[in-house]
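Report on the structure given below.
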Amino acid sequence: MLTGRGGLIDGADAPAGMVRIAAGRFHMGDTRYYRDESPVHERSVDSFWLDRTPVTNRQFVSFVDETGYVTVAERALDPAEFPESTPDMLQPGSLVFRRTAGPVNLQDWRQWWEWTTGASWRAPEGPGSDLSDRWDHPVVQVSFDDAQAYAAWAGERLPTEGLGAFGGGTAPAGSYPGGRTTLANVGGDGESRRVLKGGSFLSSPDYCLRFRPAARSPHSHDTGASHIGFRCAMDAGAP
């Protein structure tokens, strides 16, 4: 929670689709739930602009059409990096959530996550799915590298922290107040992982508490999933 001058500021000078977050101080972290959220420490942030909503499929397709960018999920894996993989395992794809038929062992995430060949931002659930009725939904199946490429094209950057909460499946961006849609933010805990913040339509207190604003979880920089999207930010200069 930002204190002092921190908070949302609307104004005529706001870049299209963005809101200004005023400079302020806040306490980051939590000691009650997950080890990677501690210790609680005071931080300060300069004023910055933040997208009101996650980047949508409509916005992302404009980026792809103009640049010809190919997302990580659409690229075949390099055999040199995965020498023990068979040819079929090197095909482009991404992680897709699959509803289980009933209760499963919650210690094994592979019971409900499936690596799906052909899954990408164009086909979020894999072959047979598309964006025909989801152009205003958050783009998903994008990796950190993809989000960073989009932000650079848009003349923006990725935020270092943010807020999120769970919705109920993806919905058109802006459907819920306070950023209640999936978003991915970056921090960093090594070269291969980035910080993921914000809940999703899969977040549930029955399984985890990662939807809280204080929650932080590591995620591979080169992997997308059907519940991870992102939003962009811009430095705002003076408070």
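The values are calculated or read from the model by the stated rules, or taken from the named source; none is laboratory data. None of the values given here were measured: they were computed from a predicted structure. Here the Cβ is made from the backbone with ideal geometry for all residues, glycine too, and neighbour counts use every protein chain on show. Heads up: the accessible areas ignore ligands, DNA and RNA and are worked out on the full protein's heavy atoms, side chains in. Shrake-Rupley method; radii C 1.70, N 1.55, O 1.52, S 1.80 Å.
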Those residues of the stretch 108-138 whose amide nitrogen sits under 12 Å from the label point placed on LEU77, 7 Å along Cα→Cβ: 115-117
Cα convex hull volume per residue for the stretch 48-98 (Å³): 175 Å³
Formal net charge of residues neighbouring VAL72 (Cβ-Cβ distance under 12 Å; K, R +1; D, E -1): -4
Difference of contour (0.36 nm per residue) and Cα-Cα distance, MET28 to ASP235: 72.5 nm
J(HN,Hα) series, the stretch 39-48, from Karplus relation 6.51 cos²θ - 1.76 cosθ + 1.60, nearest Hz, glycine and proline x: x, 6, 9, 7, 10, 10, 10, 7, 4, 8
Accessible surface of the stretch 80-140 [probe 1.4 Å, protein heavy atoms]: carbon and sulfur percent: 52 percent
Highest to lowest packing among 20-28, 223-231, scored as the average C-beta count within 10 Å: 223-231, 20-28
Computed over the stretch 86-158: relative contact order in percent, which uses C-alpha pairs under 8 Å that are six or more apart: 25 percent
Extension gain (nm, one decimal) between SER132 and ASP46, 0.36 nm per residue minus Cα-Cα: 27.0 nm
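On average, how much accessible surface per residue is there in the stretch 36-103, in Å², for a 1.4 Å probe, leaving out ligands, DNA and RNA?
Heavy-atom accessible area per residue stands at 62 Å².
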Label-point separation, THR117 to ALA14 (7 Å along Cα→Cβ), nm: 4.6 nm
